[in-house]
Amino acid sequence: MPDIRVLVVDDEQSMRDLLTIMLRQAGYDVSVADGGEAAIERLKAESFDLVLTDLRMRKVDGLAVLKAAKEHAPRTVVLVVTAYASTETAVEAMKLGAYDYITKPFKLDELTVTVANALERRRLQEENLALKRQLHRERGFENFVGRSPKILDVFETIRKTADSGSTVMITGESGTGKELVAQALHWESNRRGGPFVSVNCGAVPETLMESELFGHVKGAFTGAVASTEGLFAAADGGTLFLDEITEIPHTVQVKLLRAVQERQIRRVGDTRDVKIDVRLIAASNRDLGRAVTDGLLREDLFYRLNVIPIHLPPLRDRREDIPLLVAHFIKKLSNEVGRPVRGVTPDALAVLEQYHWPGNTRELENVVERAIVLGSSELLEADGLPAGLRQPPDRHDVPLELPAEGIDLEAMLDRIEHRYMQLALERVGGVQTRAAELLRVSFRQFRYKLQKFHQRRTEQPKETGP
């Protein structure tokens with residue numbers, strides 16, 4: 001308690017002495033100011049946890065002290081002392097930000113309790129701010145690691161769209177961090193004070209999906225023994241994240257579309273619509289164009305959700321981020337598991353950089369955690385990594401055989417490339433732009449290669465009969 005600093009402000013010596021003795025006996029570090037002018041000068045130069053000021057003082061009054069405290073130290077708690085005849089001024093002080101007022105004459109124990117309550121409120125406010133800052137660090141941008149062009153594009157999209165309120169569709173392979181992006185969109189937005197509600201749609205039984213999202217009234221179906229509000233209502237004023245959106249049944253997708261369009265929902269078994277204020281973020285690890293074609297996702301719902309598309313690249317496409325991610329995970333996980341690991345050896349880092357990471361960032365984090373837990377060195381070493389990672393990368397690729405007589409490599413690669421282009425065109429019904437997307441090439445590249453193959457075919461000499 002001696003660390004708690006209190007400034008007593010009064011232009012009467014006897015009152016300053018009384019308050020100083022009483023507060024020091026309670027264990028506070030007390031400073032005094034002879035009137036409002038001296039108090040304002042001290043507030044400019046020093047920091048205090050609490051200011052206890054008289055309202056009626058010569059030259060500069062307690063309201064001026066209150067305003068100075070709020071200007072120079074907004075988190076400082078201010079208590080005002082007033083006479084019975086000036087309670088209206090005390091109420092004005094409350095409106096300006098004073099925690100409370102005490103009327104003269106006062107009992108010392110009453111003053112002690114009021115001071116303790118004011119300081120407890122300040123402690124709770126500081127604790128709340130600290131928790132919010134911690135959440136922001138853990139779920140906002142500070143939790144993202146990377147400097148590759150592809151991940152920097154993702155960061156820029158989040159910055160530009162966080163406050164927009166528009167629906168977002170996040171795509172990417174499993175383990176790329178889709179929920180982290182959703183959390184960042186929430187915590188960087190003006191909805192950060194509201195709830196962030198996340199649900200994996202693939203983990204909810206089809207029969208319960210509608211009730212889970214929109215809620216139900218008591219007696220709506222067998223087993224509905226009580227009314228529930230649903231996830232949309234739980235996320236009101238905040239963000240609802242629907243992961244694996246293609247797992248939602250078609251019958252529920254219709255209601256979801258209406259909720260997005262009309263900003264209102266209807267619980268199962270209810271007859272009334274309820275307005276909602278929810279930002280919707282959806283995610284999927286599927287090719288959504290194919291999901292629409294295959295009937296897994298309604299086309300109209302897809303367009304409603306895909307207002308702001310964000311695609312997360314797989315880890316193998318941003319290998320330059322692996323050293324940064326490894327360092328981040330070592331720092332984070334060594335603290336969590338209580339092992340003082342301070343870095344990674346060059347050999348281990350080389351192994352991690354060449355691996356193809358089918359499980360993406362999530363798999364990398366798991367590998368680092370395992371190596372920290374099972375290792376005994378201050379550095380993460382290659383021997384502590386799973387054996388599968390230390391194998392040459394070609395062993396994980398398509399198995400190939402080399403004939404004894406050898407092959408024409410260029411011709412073989414051309415045939416493989418042409419065959420993949422044919423398969424892509426067949427899958428998307430001949431639409432070249434979508435075929436190019438499937439093969440991760442630009443439409444211009446795809447068209448050029450296709451024209452090249454057609455040209456070769458027409459230039460081949462025709463066989464003539466005998």
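The values are calculated or read from the model by the stated rules, or taken from the named source; none is laboratory data. Not measured: the values here are computed from a predicted model. Note that we place each Cβ from the backbone using ideal geometry, even for glycine, and neighbour counts take in every protein chain shown. Note: accessible area is taken over every heavy atom of the protein model, side chains too, but ligands, DNA and RNA are not part of it. Shrake-Rupley method; radii C 1.70, N 1.55, O 1.52, S 1.80 Å.
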Taking the dipole about the Cα centre of the chain, with the C-beta of Lys and Arg at +1 and of Asp and Glu at -1, give me whichever of Pro346, Met22, Ile151 is farthest to the positive side. Ile151
Summing -39500 (n - 2.57) over every DSSP H run of at least 4 residues in the chain and dividing by its residue count gives a helix-only mean residue ellipticity at 222 nm, to the nearest 500 deg cm²/dmol, of -15000 deg cm²/dmol
Take the alpha carbon gyration tensor of the range 1-90, find the square roots of its eigenvalues, order them as a ≥ b ≥ c, and report rounded if a/c is under 1.5; if not, report prolate when a/b exceeds b/c, else oblate. oblate
Could you give the dipole magnitude of the chain about its Cα centre, charging the beta-carbon of Lys and Arg +1 and that of Asp and Glu -1, in debye to the nearest 20? 1080
Do you know the relative contact order of the chain, to the nearest whole percent, from alpha carbon pairs under 8 angstrom that are 6+ apart? 10
With every protein chain in place, what's the accessible area of Leu66 (1.4 Å probe, Å², nearest 10)? 0
Fraction of accessible area attributable to carbon and sulfur, the range 328-369 (%, probe 1.4 Å): 51
Taking the Cβ-Cβ separation of Asn200 and Lys331 as r and a Förster radius of 25 Å, what is the calculated FRET efficiency to the nearest 0.05? 0.30
Percent antiparallel among DSSP beta bridges (both partners in the chain, rounded to 5): 5
Please list, in chain and number order, the residues 5+ apart from Val60 or on another chain whose amide H is under 5 Å from its amide H, with Hs placed from the backbone. Gly36, Glu37
Cβ neighbours within 10 Å, averaged per peptide: list 298-311, 361-374 in order, most packed at the top. 361-374, 298-311
Given Lys178/Lys275; Lys44/Lys107; Lys67/Lys95; Lys150/Lys332; Lys160/Lys275, which pairs have Cα atoms separated by over 21 Å? Lys178/Lys275; Lys44/Lys107; Lys150/Lys332; Lys160/Lys275
Å³ per residue enclosed by the Cα convex hull of the chain: 266
Show the residues, 5+ positions off or on another chain, whose built amide H is closer than 5 Å to the amide H of Val51. Leu7, Val77, Val78, Leu79
Would you mind working out the magnitude of the charge dipole of the range 14-69 relative to its Cα centre, with +1 at each Lys and Arg C-beta and -1 at each Asp and Glu C-beta, to the nearest 20 Debye? 160
For the chain, return all DSSP H helices satisfying: extent of Cα atoms along own axis at least 30 Å; mean Kyte-Doolittle hydropathy at least -1.0. 108-139
Nearby aspartates and glutamates by direct alpha-carbon distance to Lys449 (threshold 16 angstrom, same-chain neighbours under 8 apart not counted): Glu410, Asp414, Glu417, Glu437, Glu459
Toy charge model, Lys and Arg Cβ at +1, Asp and Glu Cβ at -1: the range 226-302 dipole around Cα centroid in debye, rounded to 20, equals 220
Protection proxy ranking, peptides 170-179, 219-228, average beta carbon neighbours within 10 Å, highest first: 170-179, 219-228
Hits among lysines - C-alpha to C-alpha of Lys452 under 26 Å, sequence gap 8 or more where chains match: Lys462
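DSSP loop trypsin sites (Lys or Arg not before Pro) in the range 185-263 with at most 16 other Cβ atoms within 10 Å of their Cβ, which ones?
Lys218, Arg263
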